[in-house]
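J.: Got a structure for you, questions after.
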Amino acid sequence: MSEAPRSMETVQKLKFYQKGTHTVGNRLISEAERNVQASIERSNSLTCGHRACQGCGEALGARYAIDAAMRAANNQLIAVNATGCLEVFTTPYPETSWQMPWLHSLFGNAAAVATGVAAAMRVTGKPQVRTVAQGGDGGTTDIGFGCLSGMFERNDDVLYICYDNEGYMNTGVQRSSATPPAARTATTPTLGTEPGNVFGTGKFVPKIAVAHDIPYVATASVADLHDLEAKVTRAMSFQGARYIHINVPCPLGWGASSGDTIKLARLAIETGLFPVFEAEHGRITQVRKIRKRAPVTDYLKLQKRYAHLFKGGVPDPRVARIQAMADRNIADYGLVEA
Amino acid sequence: MAVKHPYAITLDVGTSRVNHTGSWRTLRPEYVDRLPPCNAACPAGEDIQGWLSHAEAGDYEQAFRALTANNPLPAIMGRVCYHPCEGACNRAQIDEAVGINAVERFLGDLAIEKGWGFAAPDKDTGKKVLVVGAGPAGLSAAYHLRRLGHAVTIREAGPLAGGMMRFGIPKYRLPRRIIDAEVARITAMGVTLTLNDKVDDIEKAMTAGGFDAAFLAVGAHIAKHAYIPAAGAAKVLDAVSLLRSMEGEEPPLLGRKVVVYGGGNTALDVARTAKRLGAEEAIIVYRRTREKMPAHDFELEEALDEGISMKWLSTIKNVDGGVMQIEKMKLDDKGFPQPTGEYETLEADSLVLALGQDVDLSLLDKCPGIEIENGVVKVAPNMMTGRQGVFAGGDMAPSERTVTVAVGHGKKAARHIDAYLRGADTPSTEKHGLASFDRLNTWYYEDAPATVRPMITAARRINTFDEVVGGLDETNALYEARRCLSCGNCFECDNCYGVCPDNAVIKLGPGNRFRIDYDYCKGCGLCAAECPCGAIDMVPEQL
C-alpha cells in the first residue's frame, strides 16, 4: 500500500481517513506523502491534446504509471513504446504528447529496443537514466512476446509495462491472446452456437513473467491508484527486469460508456476476474483483497461485447463459466479476506 | 523561417497541445455545490458539513467558529438537540449516520474548557433592540443582533437565564453549568441581560427604553390542563411546575408510584425525573399508540431502559384519592383515539399532567395589530408580527417547540430585524438543490461504524441526575468528524484531477478547488462518475 497509512499512525494514531483512503488525494496528509497524481507538480508525461477516445483507460494508466516512474527516477527516464493505441494516439506526426524522451520502433521489438537503450545508458556512463518499455496487450502478449521473454531471461534493467485493454483496439477491435472468453471482437463475432471469443485459449502474461523469476512482477489497475503508484515505485527500486501488467478498460472495444472506465476496472477486481498481486523473484508476495465482492454479471452487463450473453432473457450458461473463472482466481490468489 | 530538417523530415515536431480535443465534447462537466441533507434538515440553519470539515482536519477552534456563525449554543445543542441532521444523513445508507450531535457537543465543551469567546462587533450601528425572554430563541437573536452591531437588551422574567432549557429540561440531560457558560459568552459580547424583569406591556417597554425593534421570545411556561374530576386527597401536579420546582431547594414529593399523563417529550422527562427522585414505579398513560406518540423514539428507548412503563391507548377519567379510573381507547380509521367503554383502575401516589404548554401572551394585550391564533402569535415570513418592528419567535410563534427550532427562529429574526433596521430588502435565502444519496460514489468512502457514545448504564443513570449521554474525546471526535461524506460539495479529494485521461482538470491549490480546461476536456464523464460527493454535473453542450 501507499505511504499514507504510516504517517497516519505516527501523526494521528488513527489508521483511518474517511475521505482519503481511496481517493486520489488526501488533504489531511503532507504533500510529500500524497499520490503523484494528486500533485500540481506531477510530470504529466502524457499531456493533453492526445487523440485517445473519450474515457480511454490506457491514456489514464500510462500517465499514472509513467508519472510515478518519473518521480522514482528523478525524471531521468526514457520510454520505448511498442506499436499500438498508445503509440498511435500520442504521436501523430509531427505532434507528440510525451513530455519525456520517447522512442518507437516496431510492433514487436519494444522490449529489445529498451534493452538496447538501457545498455547504451550503462556504457555511456549514465546509470541514473532509467528505461521503461511499454505496449498494449497485442504488442506484449502476442507480437512482442519473444522479445519480452528474452529481456526477462537476460534480466535486462528495464521496467516493462503492459496496458491490457484485451484486444487490438486502434485497428478495429480484433482479438488478442488477452481477449477474454465470450467477448465479441471483429474477429470473434457473435455468430454460431457459441458467439464471441472461445473458452480455453489465451494467456495471462503476468504468470509467465513470474515464471522467469525476475526481480519484480505486478498486476495493477486504473481503479486503484494508490496500489498502482506503490507498485511502480517498488518496481523502480529494483535493478533488472521488471514487469507490470495494468488492466485498462477500453470504452470503444468493450462497448462501454466512456464514464464507466474506472467502474469497469474496479469491477474487474471486485469480481475476481482480474487478480491484483505482486511477486518478487518468482514468488507472490502480496495480494490485493477484494473489498466489496461483486458477481461477474455486474461487470459483464456494462459492456456491449458481452451483450449476447444476456439476450432473450435466458441466462447463457457461459456466464456461469465466467463466474467460475472469477471464483477460481479468488481461490488461487486468495482474493477474499479469510 | 526556413529550418534545416534531417533527411525525410519536413515538419517541426511540436506538442499535441495544439490539438484542442475539447471540440469532441457533447457533454460538459461543471462543478456544482449542493445542499447537504444535514444542513437542509437543521432547524438552526447550521452549516454542519462546513464545521465538520474543520473538525476533521483537527482544527477545532475553526470548527467552533464556523459552527457558532449560525448557532451560539453548541454545548447545549450537543445535548438537547433532537438532531434531525442525523436522521437525514446520507451516511446512514452506508452504515450509520455521522454522530453530528456528539461532535457538536465535543466542540461546545472544548470551547468552554478553552474559554473561546465571541468577538464584540467592530462598530455599533446605534440601533437598539429589545429581546423579551432569555431562552434559546432570545439568546440566539441577541447574539446575532449583537454581531451585527446592534445594542441588545434581554429582559428575562425568570430568576436565571435559559428559559425552558433551565426550567423544562432535566439536569441529567443538560447540566446547568453548560447553560451558564454559554449564556456568559453571549453577555460578554456586550449584550445586556436583566433578570426578574418581566415585560408586562411591550409598547410601554419599547417606548420607555427607546428601542428601535423588539424580538419577543417568551417560552411556553403555562401547563395545559385537562378536566379530570378529582376527589379525596388526590395529588395532581402539572409537568411544568414539577420540572420548574426541580430548580428549587427542595425536591418535590411524588411518592412511590407516579403516573404521568401525556405522550410528549415532557412526559418522558417527568417520568425519568420521578424515577430519579426515588419513585419505584413511573407509568406513562397515553391515549394513543407508540407510533403516534409525539416524543422522540430515542428518548422513549432511554426511558424504557430505565424501567419506565407505558400504558398505551388509555385515558384517565377521574381520580379518587390514590385510585384513578382508566378508560381503554382504540384508534379509529383516521388514527384518532375513541373511547371503548372498558375501564380499569390504577393506583398511584401522584399524577403528573404533561398535556402540553401555553405561552403567557399578556404582554401583547395593549399592542395594536398583533394577531393571535391557537395561542401563538401570527408572524409574517420575516418573523415580524402585525406590529411594525416587533418580531416574535420560539414557542410564541407557530412551529415545533424545540430548542433547535427556537435557536433557528432567533437567527432568522435577527437577520430580518437587521434588514428592517437598515431599511434594506429581506436577505435572500436561496438554497442549492439537495445532495441526494444517489449522487454519491460511495466506493471512495472507507467503511466505519459510528462511535457509540459511552452510555452510563441504565442502573446507574436512574439514581442520579448526572448526564445520561457521555461526550466524545478528541480521538473519537476526530474519527466521527471524518465519517462525514461531504455530500454535494467538493472536499478537494483530487479525484477529478487524477482520473481525467486528458489532463483537462486544473488543480488550483488548497481551498481553491479545480477548474476544467475546456480546450482539452473531451466530455468523457469520468470526473463526474468518480466524484465521491456528487459535486460535478454533466450537462449537454450547446452546439
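J.: Scan A:W102, A:W98 and give me the residue that is more than 9 Å from chain B (Cβ to nearest Cβ) and at pLDDT 95 or above.
T.: Values: A:W98 fails: more than 9 Å from chain B (Cβ to nearest Cβ).
It is A:W102.
J.: Is it the case that some residue within segment B:451-467 is over 24 Å from the mean Cα position of the chain (by Cα), modelled with pLDDT of 95 or more and buried (at least 20 other Cβ atoms within 10 Å of the Cβ)?
T.: no
J.: Considering only segment B:489-541, how many residues are of a type in the set (A, V, I, L, M, F, W, C) and more than 7 Å from every other protein chain (Cβ to nearest Cβ)?
T.: 16
J.: When the residues of segment A:218-251 are narrowed to those that are within 14 Å of the chain's Cα centre (by Cα), in a loop (DSSP other than H, G, I, E, B) and in contact (Cβ under 8 Å) with a residue 60 or more places away in the chain, which ends up nearest to the other protein chains (Cβ to nearest Cβ)?
T.: Result: A:V222.
J.: Restrict the check to segment B:30-46 and report whether at least one residue is under 30 Å from A:N44 (Cα atoms), within 11 Å of chain A (Cβ to nearest Cβ) and of a type in the set (D, E, K, R).
T.: Checked against the condition, which is being under 30 Å from A:N44 (Cα atoms), within 11 Å of chain A (Cβ to nearest Cβ) and of a type in the set (D, E, K, R), segment B:30-46 yields no hits at all.
J.: Then there is this: Inside segment A:226-243, can you point out the residues that are surrounded by 24 or more Cβ atoms within 10 Å (Cβ to Cβ) and touching a Leu at 6+ places or on another chain (Cβ under 7 Å)?
T.: A:A235, A:R242
J.: Identify, by number, the condition in (1) at pLDDT 90 or above; (2) open to solvent by 60 Å² or more (accessible area, probe 1.4 Å) that B:S362 doesn't meet.
T.: B:S362 satisfies every listed condition except (2).
J.: Residue check: is B:L304 surrounded by fewer than 17 Cβ atoms within 10 Å (Cβ to Cβ), in a loop (DSSP other than H, G, I, E, B) and of a type in the set (A, V, I, L, M, F, W, C)?
T.: Numbers: surrounded by fewer than 17 Cβ atoms within 10 Å (Cβ to Cβ): yes; in a loop (DSSP other than H, G, I, E, B): no; of a type in the set (A, V, I, L, M, F, W, C): yes.
Spelling it out, it is not the case that B:L304 is surrounded by fewer than 17 Cβ atoms within 10 Å (Cβ to Cβ), in a loop (DSSP other than H, G, I, E, B) and of a type in the set (A, V, I, L, M, F, W, C).
J.: Still on this structure: Scan B:E156, B:E104, B:E96 and give me the residue that is open to solvent by 50 Å² or more (accessible area, probe 1.4 Å) and of a type in the set (D, E). Let's see the steps before the verdict.
T.: On the way: B:E156 fails: open to solvent by 50 Å² or more (accessible area, probe 1.4 Å); B:E104 fails: open to solvent by 50 Å² or more (accessible area, probe 1.4 Å).
Checking each option against the conditions leaves just B:E96.
J.: Given (1) closer than 30 Å to B:T26 by Cα; (2) of a type in the set (F, W, Y); (3) under 17 Å from the mean Cα position of the chain (by Cα), identify the lone condition not met by A:F277.
T.: Evaluating A:F277 over (1) closer than 30 Å to B:T26 by Cα; (2) of a type in the set (F, W, Y); (3) under 17 Å from the mean Cα position of the chain (by Cα) leaves (1) as the failure.
J.: Still on this structure, I have one more. Going residue by residue through segment A:255-268, is there one that turns out to be free of Cβ contacts under 8 Å to residues at least 12 places away in the same chain and among the β-branched types (V, I, T)?
T.: no
J.: I'd like the full set of residues that are touching a strand residue (DSSP E or B) at 6+ places or on another chain (Cβ under 8 Å) and hydroxyl-bearing (S, T, Y), limited to segment B:1-58.
T.: B:T15, B:S16, B:T26, B:Y31
J.: For the subset of segment A:35-58 comprising residues that are more than 8 Å from chain B (Cβ to nearest Cβ) and more than 26 Å from A:P92 (Cα to Cα), which member is surrounded by the most Cβ atoms within 10 Å (Cβ to Cβ)?
T.: A:V36
J.: I would also like to ask the following. Only one of (1) under 27 Å from the mean Cα position of the chain (by Cα); (2) crowded, with 16+ Cβ neighbours inside 10 Å is not met by B:A184, so which one is it?
T.: Answer for B:A184: the failing condition is (2).
J.: Specify which of the listed residues (B:K224, B:K257) is closer than 30 Å to B:G386 by Cα, of a type in the set (D, E, K, R), open to solvent by 20 Å² or more (accessible area, probe 1.4 Å) and touching a residue at least 24 places away in the same chain (Cβ under 8 Å).
T.: B:K224
J.: Now, a different point. Please count how many residues of segment A:296-314 are closer than 20 Å to A:W254 by Cα and open to solvent by 60 Å² or more (accessible area, probe 1.4 Å).
T.: Of segment A:296-314, the ones closer than 20 Å to A:W254 by Cα are A:296-311.
Among the residues that remain, those that are also open to solvent by 60 Å² or more (accessible area, probe 1.4 Å) are: A:298, A:301, A:304, A:310-311.
So the answer is 5.
J.: Condition first: touching a strand residue (DSSP E or B) at 6+ places or on another chain (Cβ under 6 Å), crowded, with 17+ Cβ neighbours inside 10 Å and among the aliphatic types (A, V, I, L, M). Can you find one or more residues in segment A:134-157 that meet it?
T.: For segment A:134-157, residues touching a strand residue (DSSP E or B) at 6+ places or on another chain (Cβ under 6 Å), crowded, with 17+ Cβ neighbours inside 10 Å and among the aliphatic types (A, V, I, L, M): absent.
J.: Related question: Tally time: how many residues in segment B:411-439 are part of a helix (DSSP H, G or I), within 26 Å of B:C484 (Cβ to Cβ) and not basic (K, R)?
T.: Total satisfying the criteria: 2.
J.: Please identify the pairs in which a residue from segment B:59-81 that is part of a loop (DSSP other than H, G, I, E, B) has its Cβ atom under 8 Å from the Cβ atom of a residue that is crowded, with 24+ Cβ neighbours inside 10 Å and among the aromatic types (F, W, Y), counting only partners at least 6 apart or on another chain.
T.: These pairs meet every condition: B:P72/B:Y143.
The values are calculated or read from the model by the stated rules, or taken from the named source; none is laboratory data. Just so it is clear, the structure is predicted and the values come from calculations on it, not from any experiment. FYI the Cβ positions are ideal-geometry reconstructions off the backbone, even for glycines, and counts take in every protein chain you see. Heads up: the accessible areas ignore ligands, DNA and RNA and are worked out on the full protein's heavy atoms, side chains in. Shrake-Rupley method; radii C 1.70, N 1.55, O 1.52, S 1.80 Å.
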